[in-house]
Amino acid sequence: MICPPERKQSKLELLLPRLLEVVDEEHKRLLARKLIIEKRKEEQEQQELLEMEQEKESIAEEAAEQMQPATKQNNNQKIHQEIAEREREEDKERRNAELVLTKQLRKRQEMKKKWEKLATTMDYLERAKREEAAPLIEAAYQQRLVEDEILHEHM
């Protein structure tokens, strides 16, 4: 049976399997982190909505209790101003949240591009490794054929 001589693995061949593991582990870690962040964000939003509703109810109750005929108009103006101020604050918070979400989306897209680029680079490296090894294998095979022919003639 013809067996090509054993050859040492190149540094690239030794590092490539570990690199794939590292990439996969990093991807899994990032996905887990993303889920945790999203869950925390949802919980925070729910808590904020609940607090806002409670605050609105308490403001409405206070307003109803404090209403008196002489100060009713002043109280209404004050309540409207407070509501308008809170709405402005809520709008500001919403814009800030949208900005954060936009930044996160941009970061995700950048990370996706980096992963795709890394995958492409790894494909190129694998192809280059195969193309580099093919002539060496062929040369070793031809050398073995010549050696077998010489051995056959001497027998």
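One table, with the values for the structure above:
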| read-out | value |
| --- | --- |
| Contacts under 7 angstrom Cβ, first residue in region 80-108 being over 18 Å from E42 (Cβ atoms), partner assigned to a helix (DSSP H, G or I), 6 or more apart | E82/I59 |
| Some residue of region 76-88 being among the aliphatic types (A, V, I, L, M), surrounded by 10 or more Cβ atoms within 10 Å (Cβ to Cβ), touching a helix residue (DSSP H, G or I) at 6+ places or on another chain (Cβ under 9 Å) and over 30 Å from E26 (Cβ atoms) | yes |
| Filter pass, P135 being on the phi < 0 side of the Ramachandran plot, exposed (fewer than 10 other Cβ atoms within 10 Å of the Cβ), modelled with pLDDT under 95 and part of a helix (DSSP H, G or I) | yes |
| Within region 146-155, tally of residues that are surrounded by 11 or more Cβ atoms within 10 Å (Cβ to Cβ) and either among the β-branched types (V, I, T) or touching a residue at least 60 places away in the same chain (Cβ under 8 Å) (or both) | 1 |
| Condition check for K113: in a helix (DSSP H, G or I), surrounded by 10 or more Cβ atoms within 10 Å (Cβ to Cβ) and touching a residue at least 40 places away in the same chain (Cβ under 8 Å) | no |
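The values are calculated or read from the model by the stated rules, or taken from the named source; none is laboratory data. This structure is a prediction, so every number in the text was calculated from the model and none was measured. All Cβ positions, even for glycine, are placed from backbone atoms using ideal geometry, and neighbour counts span all protein chains on display.
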